[in-house]
Amino acid sequence: MSSDRFDITGCDATMWAVVTTGNGGYEMLDYRQVPVPEPGSGEVLLQVLAAGVNNTEINTRLGWYSSSVKDGTETTSSVQESQSEQKADGGWNDATPFPFIQGTDCCGRVVAIGADANLALMGQRVLVRACMRPNGYESYDNIWMASDFDGAFAQNVKVPASEVFAVDCDWSDAELATIPCAWATSENMLHRTGCRSGDHVLVTGASGGVGSATVQLAKRRGARVTALCSASKVDQVRALGADQVLDRNADLVAALGTDTIDLVVDNVAGPGFPQMLKVLKRGGRYTSSGAIAGPVVELDMRDMYLKDITLVGCTAWDEPVFPNLISYIEKAEIRPLLARTYPLSDIAEAQRDFMKKEHVGNFVLIPPQRD
C-alpha cells in the first residue's frame, strides 16, 4: 500500500474501542485498546467523530434475533442480565462474529484510503451506509456494519469506499450520527410501501429513533400522521409534526375506527399487533423492521386476506434510500433529534438509559478524539 493512501499523521497503532465479547448483559461490553484497522483495496479508514446508540446493538448483544427468543427487548435484557446464554443464531445473519466491535451509526472523517478507492474522499466528513447489498440491489442479500463486521464504537473504523457519503451541512457530528440506522430504516419502509401525499399513516413507538424519524419523513411526503407514544411524550411527538397523538395503550379501534388507516409503520408489534390490521383500510399496507414489544404476534388471517392487506417486511435498504436522506439533510427538510451524548467509555450507562425509554430521539457516543 502506497504511503500517500495510508498515512494517519500522529495516529497510534492502537485505538480505544468497545469490544462486545458475547451474548449477555452489560458485562459483555469491554472498553479496551485494539489495533487500528488498515484499509484494503476499495476501502477507506474513518476517524469516528460520533456513533449512535440503537436497538440493533442491544438486540445483537442480547442474542434477541435468535428464533428461541419470544419476548420483547426489555424482558430479554432482564433475562440475559441474570443468566447470560449464548445464541448460535442470535445475529441478523445467524451467528454473530464475537468478539467484535458494534456501532451501526457512524459520522466520521476519512483519514486513509486503500488502493482502488477515490482519493477525493480524503478529509471528507461522511455518513456510512451501514446496510450493504454485496450482490447488488436485485438481491435482498445484505450485510451490516456492526452486525456482520466491526463497526463504529471505536476511534476508527474501516468500510468500503462505496458506502460512505459526504454531507454538506451545518449539523454537528453528534446530530449527523443520529441519522443512518433509524432514519434509513424509516425511509426504506416508506419508500417500499409507496407512502404518498394524502395517506393516513399510523406510527407506533413514535418517540423512538425510527418512530420519530417516520413522523418527520411521512409528513415530508404530505401524509397525515397519527402517532402512538407514552403519555409523557405526547407534546414532543406532536411538535415533530404529528397530526394526532394517541397514548400507546389506547384502544385503536375505538379511537380511530376500522378501515381508517392507509399505512401502518410498526416497530413495536407484541400484544398490540392485532389492532393494526383492524384499523387498516381495504388494500392497506403494514410494514415493520422491528418488534421491541415482542416478535411473536397473534395474526387473524381473515383480517389480512379479506381486506387485501399487504404485509411488507423491511431489512435490506433499497438503493435510493441513503442518497435520499443525504439530500433531505442538505436541503434542510428534516431535523435531527439528539437526546443526549455520552463518552464512548460510558456505553453501558448510555444503553441502560436507552432501555428506560424516557427520551425522545437518539443517544450518541463520542469516542476520544486524537489531536
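The values are calculated or read from the model by the stated rules, or taken from the named source; none is laboratory data. What you see is a predicted model; the values in this text were computed from it and never measured. All Cβ positions, even for glycine, are placed from backbone atoms using ideal geometry, and neighbour counts span all protein chains on display.
So, ALA120, is that one under 21 Å from PRO367 (Cα atoms), of a type in the set (Gly, Ala, Ser) and without any contact (Cβ under 8 Å) to a residue 60 or more places away in the chain or not? No: the conditions fail for ALA120. The residues of the range 320-357 that are part of a helix (DSSP H, G or I) and among the β-branched types (Val, Ile, Thr), listed by number, are VAL321, ILE326, ILE329, ILE347.
Among the residues of the range 229-250, the one identified as assigned to a strand (DSSP E or B) and either outside the structural domain of GLY205 (by TED's automatic domain parsing) or among the polar types (S, T, N, Q) (or both) is GLN244. For the range 251-274, a residue qualifies if it is closer than 23 Å to ARG335 by Cβ and either part of a helix (DSSP H, G or I) or small (Gly, Ala, Ser) (or both), but none of them does.
Taking the range 346-364 as the range and being closer than 11 Å to ASN54 by Cα and aliphatic (A, V, I, L, M) as the test, the residues that pass are ALA350, MET355, VAL364.
Of all the listed residues (LEU263, LEU246, LEU252), the sole one being among the aliphatic types (A, V, I, L, M) and farther than 12 Å from LEU228 by Cα is LEU263. Being among the acidic types (Asp, Glu) and free of Cβ contacts under 8 Å to residues at least 40 places away in the same chain narrows it down to one of ASP173, ASP247, ASP199, so name that one. Selected residue: ASP247, the only one of ASP173, ASP247, ASP199 that is among the acidic types (Asp, Glu) and free of Cβ contacts under 8 Å to residues at least 40 places away in the same chain.
Filter the range 107-129 down to the residues that are in contact with a helix residue (DSSP H, G or I) (Cβ under 7 Å, 6 or more places away or on another chain) and over 14 Å from GLU43 (Cα atoms), then identify the one that is surrounded by the most Cβ atoms within 10 Å (Cβ to Cβ). Per the stated criteria, the residue is CYS107. Which of the numbered conditions does SER66 fail, given that it passes all the others? Conditions: (1) modelled with pLDDT of 95 or more; (2) closer than 24 Å to VAL210 by Cα; (3) assigned to a loop (DSSP other than H, G, I, E, B). Among (1) modelled with pLDDT of 95 or more; (2) closer than 24 Å to VAL210 by Cα; (3) assigned to a loop (DSSP other than H, G, I, E, B), SER66 violates only (1). Does ALA339 satisfy being of a type in the set (Gly, Ala, Ser), in contact (Cβ under 8 Å) with a residue 40 or more places away in the chain and farther than 30 Å from ASP12 by Cα? The answer is no for ALA339. Each residue in the range 290-338 was checked for being crowded, with 19+ Cβ neighbours inside 10 Å and of a type in the set (Ser, Thr, Tyr), and 0 pass.
Is it fair to say VAL360 is surrounded by 15 or more Cβ atoms within 10 Å (Cβ to Cβ) and part of a loop (DSSP other than H, G, I, E, B)? Criteria met by VAL360.
Among the candidates ALA182, ALA95, ALA154, ALA166, the residue that is without any contact (Cβ under 8 Å) to a residue 12 or more places away in the chain and either touching a helix residue (DSSP H, G or I) at 6+ places or on another chain (Cβ under 9 Å) or under 29 Å from SER345 (Cβ atoms) (or both) is uniquely ALA95.
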